[in-house]
Amino acid sequence: MGVHLRDLRYFLTVAEERSFTRAAGRLFVAQPTLSKQVRRLEAELRTPLFERDRHGVSLTPAGEALLPHARALLGRWDDARHDVAGAARTLTVGFHTRIGRGLVPSVTARMEGWRLRFRQVSWGDPTAGLADGVDVALAWLPVPDDGRFAWKVVSTEDRWVALPAGHPLADRTAVGFADLADEPFVAHPASAGALRSFWLAEDHRTTPARVAAEAGSADELLELVAAGVGVALLPAENTDVSPGFDVVCRPVDGLTPGRLAVVWRADDRRAVVREFAESCARCLCYPTDGVRSTTV
């Protein structure tokens, strides 16, 4: 069967968190999936690694013995991956939704000598892949604000609403948020956390949103809206809906805008990360006060 690096990463996260629930949240995986992978590792090593009880989990002597080796192996793998990426001069860019905005050709032209590889990630991962191997991400804020990430805002955009074509509000040129507050909404997955709350406009509500369904991507969201399941908020620049979707998009009055950012791991101090962030900023004319960064 063999031990995989992901098994060791899962083991290390549970060991650090002393909780399968907290570890699953940090890894953005379902808890049953995490538990299954840890059991798989224990079966491969033929020994239990954790003591489980109602107070949480603790390491067995075998788990304590494995811990420093897991840290060392994963550290060496991360170093090797960065060295290989540097040698190949390839930067993997995570994103959730069609980037558009003329950004890809513009920033590619600026990143001379580098190959950009773009990877689309489900909305269920609010880090847009940074928690699973991408080098840098284009993501809507907020991202998890736990000290692991730094970012630079490169664009601000109004929040619009996607409505089924036959919706009573579809004939308006603009919609007040007060008229949408009681509508059923299509939401990001619960694992998206604060990002889900932002696109439900929880920051402008006095009562929680009525969630009718969840979507992991823009296409899923538009299919659900077109079917009349609910309405959904989305960035202004992503309202160019394909003719295949029977959806109408309108600006929403009374909402603060969304912020698109380049996001990276705070401990990643490679010059190319800063170069990519600055290139995106120049291409999209970012606001000067939208930075939360570390020295790179």
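Only one of these is open to solvent by less than 30 Å² (accessible area, probe 1.4 Å) and more than 14 Å from residue 234 (Cα to Cα): 170, 178. Name it.
Every option except 170 fails the conditions.
Determine whether residue 162 is of a type in the set (Gly, Ala, Ser), open to solvent by less than 40 Å² (accessible area, probe 1.4 Å), more than 30 Å from residue 176 (Cα to Cα) and in a strand (DSSP E or B).
No: the conditions fail for residue 162.
Looking only at residues that are under 13 Å from residue 264 (Cβ atoms) and not in a loop (DSSP other than H, G, I, E, B) in the stretch 117-134, which one is modelled with the lowest pLDDT?
131
Please name all residue pairs, on different chains or six or more residues apart, with Cβ atoms under 9 Å, provided the first residue is in the stretch 211-232 and is polar (S, T, N, Q) and the second residue is open to solvent by 50 Å² or more (accessible area, probe 1.4 Å).
Every condition considered, the pairs that remain are 217/120; 217/122.
Could you say whether any residue in the stretch 119-132 is open to solvent by 40 Å² or more (accessible area, probe 1.4 Å), over 27 Å from residue 190 (Cβ atoms), free of Cβ contacts under 8 Å to residues at least 40 places away in the same chain and out of contact with any Cys (no Cβ under 6 Å at 6 or more places or on another chain)?
So far as the stretch 119-132 goes, no, none of its residues is open to solvent by 40 Å² or more (accessible area, probe 1.4 Å), over 27 Å from residue 190 (Cβ atoms), free of Cβ contacts under 8 Å to residues at least 40 places away in the same chain and out of contact with any Cys (no Cβ under 6 Å at 6 or more places or on another chain).
Would you mind stating whether residue 116 is touching a Leu at 6+ places or on another chain (Cβ under 7 Å) and buried (at least 17 other Cβ atoms within 10 Å of the Cβ)?
no
Could you tell me whether any residue of the stretch 10-18 is aromatic (Phe, Trp, Tyr), part of a helix (DSSP H, G or I), under 24 Å from the mean Cα position of the chain (by Cα) and surrounded by 13 or more Cβ atoms within 10 Å (Cβ to Cβ)?
Looking for residues that are aromatic (Phe, Trp, Tyr), part of a helix (DSSP H, G or I), under 24 Å from the mean Cα position of the chain (by Cα) and surrounded by 13 or more Cβ atoms within 10 Å (Cβ to Cβ), one finds at least one in the stretch 10-18, hence yes.
Looking at the stretch 32-68, which of the residues that are open to solvent by 80 Å² or more (accessible area, probe 1.4 Å) and assigned to a helix (DSSP H, G or I) is farthest from residue 7 (Cα to Cα)?
Across the stretch 32-68, the extreme among qualifying residues is 61.
Does residue 3 satisfy the criteria of being more than 25 Å from the chain's Cα centre (by Cα), touching a residue at least 40 places away in the same chain (Cβ under 8 Å) and in a loop (DSSP other than H, G, I, E, B)?
When the stated conditions are applied, residue 3 passes them.
Kindly provide the set of residues from the stretch 19-31 that are outside any helix (DSSP H, G or I) and surrounded by fewer than 17 Cβ atoms within 10 Å (Cβ to Cβ), ordered by number.
Once the filter is applied, which keeps residues that are outside any helix (DSSP H, G or I) and surrounded by fewer than 17 Cβ atoms within 10 Å (Cβ to Cβ), the stretch 19-31 yields 19, 30.
Are there any pairs with C-beta distances below 9 angstrom linking a residue in the stretch 78-105 that is hydrophobic (A, V, I, L, M, F, W, C) to a residue that is open to solvent by less than 60 Å² (accessible area, probe 1.4 Å) and modelled with pLDDT under 70, with the two at least 6 apart or on different chains, and if so which?
91/85
Of the numbered conditions (1) modelled with pLDDT of 85 or more; (2) assigned to a helix (DSSP H, G or I); (3) surrounded by 13 or more Cβ atoms within 10 Å (Cβ to Cβ), residue 108 fails exactly one; give the number of that condition.
So the condition that residue 108 fails would be (1).
Considering only the stretch 33-56, state which residues are under 16 Å from residue 67 (Cβ atoms) and either free of Cβ contacts under 8 Å to residues at least 24 places away in the same chain or among the basic types (Lys, Arg) (or both).
Those that are under 16 Å from residue 67 (Cβ atoms) and either free of Cβ contacts under 8 Å to residues at least 24 places away in the same chain or among the basic types (Lys, Arg) (or both): 42, 47, 48, 51.
For the stretch 6-32, what are the residues that are under 13 Å from residue 59 (Cβ atoms) and in contact (Cβ under 8 Å) with a residue 40 or more places away in the chain?
11, 12, 14, 15, 18
Exactly one of (1) more than 15 Å from residue 249 (Cβ to Cβ); (2) over 15 Å from the mean Cα position of the chain (by Cα); (3) surrounded by fewer than 20 Cβ atoms within 10 Å (Cβ to Cβ); (4) of a type in the set (A, V, I, L, M) is unmet by residue 190. Its number?
(2)
The values are calculated or read from the model by the stated rules, or taken from the named source; none is laboratory data. Keep in mind that what you see is a predicted model, and the values were worked out from it rather than measured. Heads up, the Cβs are rebuilt from the backbone with ideal geometry, glycines too, and the neighbour counts pull from every protein chain shown. For the accessible areas, the whole protein counts, side chains as well, though only heavy atoms, and no ligand, DNA or RNA atoms are used. Shrake-Rupley method; radii C 1.70, N 1.55, O 1.52, S 1.80 Å.
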